[in-house]
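Participant: My structure is below; once you've seen it, I'll send some questions.
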Amino acid sequence: MARSKAIGGSTDHAHHNKKGSCSSKAAKAAEGATDNAGIRIRAGAMPDQSGVSVGFAISDAPDPDDMEIEQEGLRVFIQDVLVEPLDGRTLDVREAADGMELIFR
């Protein structure tokens, strides 16, 4: 990864790799999103209320409290409650049975 931006002012970083950027840009285009749109990472509740799930959506702009990271020309908006839990993680893409999926490493 060429560069990354710190999350929450810590020395750790959240990243997304080049393969993930390319796949995410393709997903944005397929959704008909604007050039300035990005991937929004948001929190949700687990069905059994045992924890927090993480979801992804194409968004034209970040919510007011989102942290924004831009790398390899892809904008990523991270919901404020996920900034600390995702600190130091890498957003990646892998092939799944039903297409590509975004994952954290």
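Participant: Write out, first by first residue and then by second, each pair whose Cβ atoms fall under 8 Å of each other, whose residues are 6+ apart or on separate chains, and whose first residue, in region 39-68, is surrounded by fewer than 16 Cβ atoms within 10 Å (Cβ to Cβ) while the second is among the aromatic types (F, W, Y) and modelled with pLDDT of 90 or more.
Facilitator: Going by the 8 Å Cβ cut-off, the qualifying pairs are A61/F77; D63/F77; E68/F77.
Participant: Within region 38-64, how many residues are of a type in the set (G, A, S), part of a strand (DSSP E or B) and over 13 Å from the mean Cα position of the chain (by Cα)?
Facilitator: Residues that pass the stated criteria total 3.
Participant: Provide a single number: the residues in region 69-105 that are surrounded by 17 or more Cβ atoms within 10 Å (Cβ to Cβ) and part of a strand (DSSP E or B).
Facilitator: Of the residues in that region, 10 qualify.
The values are calculated or read from the model by the stated rules, or taken from the named source; none is laboratory data. Being a predicted model, the structure only gives us computed values, none of them experimental. For neighbour counting, all protein chains shown are included, and Cβ atoms are generated from backbone atoms with ideal geometry for every residue, glycine included.
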